[in-house]
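A short write-up of the structure that comes next.
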Amino acid sequence: MQKLSIRVDPADSDLVSGCLFEAGAGGIEEQSETEATVLVTYGDDPNELDQLRRRLGELLEALPPLVRPPSFELTDLDPNFGQAWLDYLKPEWLTSSLVIQPVSSPDPGPGVQVLRYHPELAFGTGGHATTRLAARAVQAWVQARPGEALLDVGTGNGVLAMVGLLAGAREAVGVDIDENAVRAANANAALNGLADRARFSALPLAALGASFPLVVANIDAPTLAALSTPLARCTEETLLVTGLLAEQCAEIEASFASAGLELRERQGLDDWCLLRFEAALTKPDRL
């Protein structure tokens with residue numbers, strides 16, 4: 001078991017932690033030092049952590065300069081630490097009625113809807129503000145329009161696609177460039193009895209060739225801007241995008257306006273925001 005520590009200026013911690021989640025970190029431990037914040041994530045394979053570090057660097061390069069450059073440190077841990085990390089994972093409230101939790105966690109009791117996942121250090125656990133923003137928006141949209149299909153772009157371990165299915169979507173399609181994410185999403189769909197209505201793949205967004213009533217994308221701002229046109233083409237009615245810090249919203253709003261979508265709502269949680277766009281015209285090939 002290895003630990004990757006990233007020291008950043010405290011003013012940059014929210015930005016870097018958001019990018020770290022987007023880069024593929026399954027969980028982040030935040031530690032405070034006198035003049036720095038240390039963001040810590042764990043893994044079994046040092047090569048994967050090195051790839052995580054490189055991906056984080058690519059995301060940060062696309063953003064305005066930080067207060068000071070981050071420093072990285074990779075250290076080995078006791079062999080028994082991995083089980084301790086899995087034991088640390090806890091249930092997270094995605095919405096007021098839906099909890100996401102490791103498969104080993106006890107049932108939260110009556111009246112609570114549960115989404116279970118296989119703990120994997122490479123993928124998110126529902127604790128980040130953008131996941132909660134997106135989950136609440138997806139749930140509200142689907143409950144108002146049950147029986148529709150949705151597309152989850154950058155699906156990770158499939159959380160948002162499965163939130164939509166639990167809320168009443170007919171079908172959910174998730175795409176991700178990471179084959180390991182696709183594998184985890186398929187496993188989690190099976191775990192929750194949703195495999196017959198969920199499809200996950202590494203198919204490029206531009207190759208889908210169909211539009212969906214609802215599209216959700218919880219990915220970083222530079223990637224959202226780069227995907228604005230294919231995301232707009234896939235959106236038959238509503239597009240929900242998050243993964244954005246508040247100061248990044250104006251740029252993303254402009255990108256999707258240029259792609260032909262109309263901004264209808266902005267929601268915020270902590271320093272993060274979610275934008276809801278609507279398509280001006282109905283598109284063909286609806287799923």
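Of the residues Gly18, Gly26, which is of a type outside the set (Val, Ile, Thr), at pLDDT below 85, assigned to a loop (DSSP other than H, G, I, E, B) and surrounded by 16 or more Cβ atoms within 10 Å (Cβ to Cβ)?
Residue meeting the stated conditions: Gly26.
For region 112-136, name all the residues that are over 20 Å from Asp220 (Cα atoms) and at pLDDT below 80.
His118, Pro119, Glu120
With respect to Arg266, determine if the residue is more than 24 Å from Ala62 (Cα to Cα) and either in contact with a Cys (Cβ under 8 Å, 6 or more places away or on another chain) or not assigned by TED's automatic domain parsing to the domain that holds Gly24 (or both).
No.
Quick one: would you say Leu244 is of a type in the set (A, V, I, L, M), touching a Phe, Trp or Tyr at 6+ places or on another chain (Cβ under 8 Å) and either in a helix (DSSP H, G or I) or at pLDDT 90 or above (or both)?
Considered against the rule, which asks whether it is of a type in the set (A, V, I, L, M), touching a Phe, Trp or Tyr at 6+ places or on another chain (Cβ under 8 Å) and either in a helix (DSSP H, G or I) or at pLDDT 90 or above (or both), Leu244 comes out as no.
Would a scan of region 278-286 turn up a residue that is at pLDDT below 95, in contact with a Leu (Cβ under 8 Å, 6 or more places away or on another chain) and either among the aromatic types (Phe, Trp, Tyr) or surrounded by 15 or more Cβ atoms within 10 Å (Cβ to Cβ) (or both)?
There is at least one residue in region 278-286 that is at pLDDT below 95, in contact with a Leu (Cβ under 8 Å, 6 or more places away or on another chain) and either among the aromatic types (Phe, Trp, Tyr) or surrounded by 15 or more Cβ atoms within 10 Å (Cβ to Cβ) (or both).
Say whether the condition of being at negative phi, assigned by TED's automatic domain parsing to the domain that holds Ala140, surrounded by 18 or more Cβ atoms within 10 Å (Cβ to Cβ) and of a type in the set (Ser, Thr, Tyr) is met by at least one residue in region 185-202.
No, region 185-202 contains no residue that is at negative phi, assigned by TED's automatic domain parsing to the domain that holds Ala140, surrounded by 18 or more Cβ atoms within 10 Å (Cβ to Cβ) and of a type in the set (Ser, Thr, Tyr).
For Leu66, indicate whether it is in contact with a helix residue (DSSP H, G or I) (Cβ under 6 Å, 6 or more places away or on another chain), part of a helix (DSSP H, G or I), among the aliphatic types (A, V, I, L, M) and modelled with pLDDT of 85 or more.
When the stated conditions are applied, Leu66 does not pass them.
So, of the residues in region 224-264 that are within 23 Å of Gly127 (Cβ to Cβ) and out of contact with any helix residue (DSSP H, G or I) (no Cβ under 8 Å at 6 or more places or on another chain), which turns out to be surrounded by the most Cβ atoms within 10 Å (Cβ to Cβ)?
Looking at the filtered set, the residue picked out is Cys249.
The values are calculated or read from the model by the stated rules, or taken from the named source; none is laboratory data. Keep in mind the model is a prediction, meaning the values are calculated, not measured. Backbone-built Cβ (ideal geometry, glycine too); neighbour counts: all protein chains shown.
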